[in-house]
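See structure below.
The numbers here are math on the coordinates, done by the rules we state, and not lab data. Since the structure is predicted, the reported quantities are computational estimates derived from the model, not experimental observations. Cβ sites come from the backbone with ideal geometry, for glycine too, and all protein chains shown count toward neighbours.
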Amino acid sequence: MLRSKKKPVRSMDRQTLENLFIVIILALIFAIVIFCSGLQYRTPDTTASYTVKPGDTLWEIAEIYCPTSHTGNVVNKIERLNDIDGHIYPGQVLEVPYESLEVAKER
C-alpha cells in the first residue's frame, strides 16, 4: 500500500500572531466607537406640548428640553413630530421630546 505524505501542520509564526492580535483589537475598538457614537445621537421618545413664544428658535427649544442630546438631532425630531420644515411662529403648539419631567413641567 502506498501511503500519502501529509504535510506537517505548520504553526503560525510570532509575527503573524501579533498581526492577527492587532487586527482583532482594532476591530473591537472600531466596534465600540461605532456603538458609543450611536448612543449620543439618540433622542428621547417622551414628548411634551410647548407653545412657541416670540423669539423662540427650534435650536433653543431643543437645547432646553434635551440638554444632553445632540441638538441637531433633537431639532430634526421636533420637525418630524410636527411636520414642519424649521419655520415656527408665536402661539404655535409643538410636540417636543424631553429628557426629564422637571424640564417639561417648568415650561
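Laid out as a table, the results:
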quantity: Over region 47-106, relative contact order from alpha-carbon pairs under 8 Å, at least 6 apart, %; calculated: 53 percent
quantity: Under-5 Å amide H pairs with residue 94, H placed in peptide plane, nonlocal only; calculated: 50, 51, 52
quantity: Phi to ³J(HN,Hα) by Karplus 6.51 cos²θ - 1.76 cosθ + 1.60 over region 49-63, Hz, x for Gly, Pro; calculated: 7, 9, 9, 5, 9, x, x, 5, 10, 4, 4, 5, 4, 4, 5
quantity: Extension reserve of the residue 85-residue 16 stretch, reckoned as 0.36 nm per residue once the Cα distance is removed; calculated: 19.4 nm
quantity: Cβ-Cβ FRET estimate between residue 32 and residue 99, R0 fixed at 25 Å, reported to 0.05; calculated: 0.55
quantity: Semi-axis lengths, Å, region 47-106, gyration tensor of Cα atoms, sqrt of 5 times eigenvalues; calculated: 16, 13, 10
